[in-house]
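What follows is one structure encoded as structure tokens, with my remarks underneath.
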Ligand SMILES: *Cc1c(COP(=O)(O)O)cnc(C)c1O
């Protein structure tokens, strides 16, 4: 019997514990697993027999998370990592070799941008950052050695939306992989693999866990590629292994993903409409607003419009600074996707690893404010913003 998405959020990946019947997956807080005999150990190392060996290589708490997220994203397999960056770097280490070329969106999460722009050149991997929303320019920029096209389903923090189906087609025609960071959306909003992407990565720290108490990452894709991510990326190279306890919390968080994300998005729509009505605001970028430049694309590939908002105040950086220091209910903090609403300043915080020139090229202006809309009563969120506007 096929089960629907909401049912899978609750059930998939969890099986009553064979020994005790525990319905919630127990925490297997162990570094190693005893073999019955020498032959069993040898068979497991050869991969001839399923079973656990050592937690860096696999653990029942990881398996539960991997089964759930693979199913929710519509992929064959998944790998959990100690952080979103652990998952992203493991995927890129696996897909790329010296001499390869990457086409990446000009705006990306700050550390992903740094990895590609500042670190990979040391290993002979070059990246062209460009506006991926222009598909004919993308087609023209592909080189014979382009192995990866990399984007975020919604760019952090500028809110540009990637045309995933269009990019996937270009990647397939050129024997490259389309890797999509789906952190901003979660599979409740957008499912990149169904649109043709090869690999999805997440900072599971954000919506997937959703409670602001774990750092974690996941990669989802074909069984063949994810097997290589574990063997070549996670296991041998980066060692970015999650802890069993954090995997347990992540699984618990994902059980309510289908309830939390639509509420986040509904709250964000109300906050975005309020911001748009304010005379102090120069620009609000939120895919649900009529004036959003990529409204048609958003309607095509997003089930909801997400819960992240970018805003520019007329008073620029000084007004922005005052504003983020004046909110009381909104917490001045980086991260996103928590139950609590968060507000921050990308140029001096999440994207400060980029030089001034890189920020300008990425479209991150000094006055841009990023807001992660939480699960509070939206009227309370709006009341708090009203008093922060009054303080300007
Ligand atoms: C937070 C974030 C990351 C990095 O994830 P960590 O869990 O902090 O390592 C990557 N991509 C996006 C879009 C993010 O928001």
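No value in this document is a laboratory result; all are computed from the given coordinates. These numbers were taken from a predicted model, which means no experiment stands behind them. Don't worry about glycine lacking a Cβ; one is built from the backbone with ideal geometry, like all the others, and counts go over all protein chains shown.
Side notes on the structure shown:
- Residue order, fewest to most surrounding Cβ atoms within 10 angstrom, among 311, 349: 349, 311
- In region 259-390, the DSSP beta bridges split such that about 85 percent are antiparallel, to the nearest 5.
- Principal-axis tilt of helix 316-326 within the chain, Cα atoms, nearest 10 degrees: 70 degrees
- Burial ordering of 377, 17, 100, fewest other beta-carbon atoms within 10 Å first: 377, 17, 100
- Rounded, prolate or oblate (a/c below 1.5 giving rounded, otherwise prolate when a/b exceeds b/c) for region 5-254 by Cα gyration tensor: prolate
- Relative to one another, the C-alpha centroids of region 276-325 and region 347-365 are positioned 18 Å apart.
- The distance from the alpha carbon centre of region 243-266 to that of region 12-61 is 24 Å, rounded to a whole number.
- Global geometry of region 12-90, whether rounded, prolate or oblate, following the gyration tensor of its Cα atoms and the 1.5 cut on a/c: oblate
- Helix 378-390 vs. the chain, principal-axis angle (Cα, 0 to 90°, nearest 10): 50 degrees
- Whole-percent pair-distance distribution, where bins are 10 Å wide, for the alpha carbons of region 163-250: 17, 42, 34, 8, 0
- Taking the centroid of alpha carbons for each part, region 171-225 and region 118-164 are 16 Å apart.
- Rounded to the nearest 5, the antiparallel percentage of DSSP beta bridges internal to the chain is 55%.
- Relative contact order %, region 241-392, counting alpha carbon pairs below 8 Å whose residues are six or more apart: 26 percent
- From least to most packed, judged by other beta carbons within 10 angstrom and beginning with the fewest, 52, 184 follow the order 52, 184.
- Computed per residue of the chain from DSSP H runs no shorter than four, each worth -39500 (n - 2.57), the mean residue ellipticity at 222 nm is -10500 deg cm²/dmol.
- Degrees, to the nearest 10: 244-254 long Cα axis against longest axis of the chain: 50 degrees
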